[in-house]
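Taken together, the values in this text are just the output of simple stated rules run on the coordinates, not laboratory data. Owing to the predicted nature of the structure, the values given are computational and were not obtained by experimental measurement. Here the Cβ is made from the backbone with ideal geometry for all residues, glycine too, and neighbour counts use every protein chain on show.
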Amino acid sequence: MTEVNKRQNILEEIERANTAIKSATLLFSHGLLNDAVSRLYYFVLYNIRALLLTKGIEAKSHEGALRLLGLHFIKEGIFEPKLSHIFSKLMKYREEADYNPSYIFTEEDFIEFKQEAEELADKIKRYLEKSGKWEMGN
């Protein structure tokens, strides 16, 4: 992967993340909480995929993204473990939202999850900027 490809792929993942958070917010505003929670998870996943690309790493699965985050960013001390805990929690809740029709999320759940997801995304974007792989104006 060339540096140009890496930057382009990072930009595409951030764009996908931006679309996912807009979708989550829209779904929430229409009372579709399970779908909103699911889109929040993808917002986080796309941000993490962008982060992994800074090291030329591409996850092959959702679980792989979590494992690679831990190995290359948490274990190395670049990010605190809370980052992977947020991702892991949203991964679990996305599965509940998508596959368990009896699982009920509240508006308060979504608001809490969204706040955590946005904090995670902000940390990732600051890292991307600092590493020179992405600029906030993009």
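What Kirkwood hydrodynamic radius, in Å, does the chain give when the mean of 1/r is taken over all pairs of distinct Cα atoms and then inverted? Write out the running numbers ahead of the final one.
Details: mean 1/r = 0.0662 Å⁻¹.
After inverting the pairwise mean of 1/r, the radius is 15.1 Å.
What does the helix-only formula give at 222 nm for the chain: each DSSP H stretch with n ≥ 4 adding -39500 (n - 2.57), the total divided by the residues, and the result rounded to the nearest 500 deg cm²/dmol? Working shown, then result.
Numbers: 5 runs with 98 residues, N = 138.
Estimated from H runs of four or more residues: -24500 deg cm²/dmol.
Nearest 10 degrees, 0 to 90: what angle lies between the long axis of helix 33-53 and the longest principal axis of the chain (Cα atoms)?
10 degrees
If R0 is 25 Å, what FRET efficiency do you get for Asn100 and Leu26 from their C-beta distance, rounded to 0.05?
On the way: r = 23 Å, r/R0 = 0.91.
Working from the Cβ atoms, E equals 0.65.
Using only Cα atoms, tell me the angle between helix 82-99 and the longest principal axis of the chain; keep it within 0 to 90° and round to the nearest 10.
Once rounded, the angle reads 50 degrees.
Between Glu112 and Gln8, what FRET efficiency follows from the Cβ-Cβ distance if R0 is 25 Å, with the result rounded to 0.05?
Values: r = 34 Å, r/R0 = 1.35.
The pair Glu112/Gln8 has a calculated efficiency of 0.15.
Counting other Cβ atoms within 10 Å of each Cβ, which trypsin sites (Lys or Arg not before Pro) in the range 54-138 have at most 16 and sit in a DSSP loop?
Working: sites: Lys55, Lys60, Arg67, Lys75, Lys82, Lys89, Lys92, Arg94, Lys114, Lys123, Lys125, Arg126, Lys130, Lys133; in loops: Lys55, Lys60, Lys75, Lys133.
Those satisfying the criteria are Lys55, Lys60, Lys75.
So if each residue of separation counts as 0.36 nm, and I subtract the Cα-Cα distance between Glu80 and Glu58, what length gain in nm does that give? Please list the in-between numbers first.
Working: separation 22, 0.36 × 22 = 7.92 nm, distance 2.10 nm.
Additional length available on full extension: 5.8 nm.
Counting other Cβ atoms within 10 Å, keep those with at most 12, restrict to DSSP loop, and tell me which GluC sites (Glu not before Pro) in the range 60-138 are left. Intermediate results must be reported in sequence, preceding the final value.
Values: sites: Glu63, Glu76, Glu95, Glu96, Glu107, Glu108, Glu112, Glu116, Glu118, Glu119, Glu129, Glu135; in loops: Glu76, Glu135.
Answer in residue order: Glu76, Glu135.
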